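Working notes, beginning with the structure itself.
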Amino acid sequence: MLLLLPTMTQEREHILFTEIRNGNEEAFNKAFDLYYSRLCFFSDQILHDFDLSRSIVQQIFVDLWIKRDRLLVASLQAYLYHSTRNASLDVLKHKKVESRYLSSLEPNESIVEADLMEEAELAARINEAIQNLPEKCREIFLLCRFEGLKYAEIADRLNISVKTVEMQISIALKKLRKDLSDYQMIQLLSFFISKKHQLPYRVI
């Protein structure tokens, strides 16, 4: 079982949504900041198209704001995830591959959806940790770990020494180990070893 990011209590979620219904833009922005990245990763688990996923999630929030005074929502988180899932499946339907995806959900659709949510939460947490790295450190780390450049190639591209590259990679790994749980760090390092080109973690 993956460890999810901290979420709001049901009572605080209800208060937040009530404020959104009343037209409180600050409350809406708070909900956006809390759920946007997670929903993007969640949609991407279905579509495997991160740019399209971001567009879908942005529209979900636009619709939330426009329809806020007409919505009856017991759980803001559940509403956002279900809306994102349905919108993502609608896109698959237009691509004529929805039936193939839906067949993979039966007979344990709820279990699969929960797994996708957990994977999205994990990806969001790792993405956040990478974004929190110092700018130069993050740039070098991404060039090395995501683009697969060697230290000498990075040094040549950025006009710095190989020793500086080594030091920045060391700093990045140290900070990531501090910010991520052991399980999350293992997942990140496992991705590096697998050398996949379709990145599960993207800087938003």
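Answer yes if at least one residue in region 52-61 is closer than 20 Å to PHE28 by Cβ, part of a helix (DSSP H, G or I) and basic (Lys, Arg), and no otherwise. Yes.
For region 51-60, the count of residues that are modelled with pLDDT under 90 and among the charged types (D, E, K, R) is at least one. Can you find a residue in region 13-30 that is outside any helix (DSSP H, G or I), more than 13 Å from the chain's Cα centre (by Cα), over 17 Å from LEU116 (Cβ atoms) and of a type in the set (A, V, I, L, M)? No, that holds for no residue. With the condition kept exactly as written, say whether any residue in region 98-108 is at pLDDT 70 or above, surrounded by 10 or more Cβ atoms within 10 Å (Cβ to Cβ), of a type in the set (Asp, Glu) and under 16 Å from GLN45 (Cβ atoms). No, the conditions are met nowhere in region 98-108. The residues on offer are ALA87, ALA129, ALA124, and the sole one that is at pLDDT 70 or above, crowded, with 19+ Cβ neighbours inside 10 Å and farther than 30 Å from LEU180 by Cα is ALA87. Residue pairs whose Cβ atoms lie under 8 Å apart, sitting 6 or more positions apart in sequence or on different chains, and linking a residue in region 64-83 that is assigned to a loop (DSSP other than H, G, I, E, B) to a partner that is of a type in the set (S, T, N, Q), are SER75/GLN10.
Exactly one residue out of ILE171, ILE154, ILE160 is part of a loop (DSSP other than H, G, I, E, B), over 17 Å from GLU119 (Cβ atoms) and at pLDDT 85 or above, and it is ILE160.
The values are calculated or read from the model by the stated rules, or taken from the named source; none is laboratory data. Computed from a predicted model, the values in this text were never measured in an experiment. Here Cβ is always computed from backbone atoms with ideal geometry, including for glycine, and neighbour counts include all displayed protein chains.
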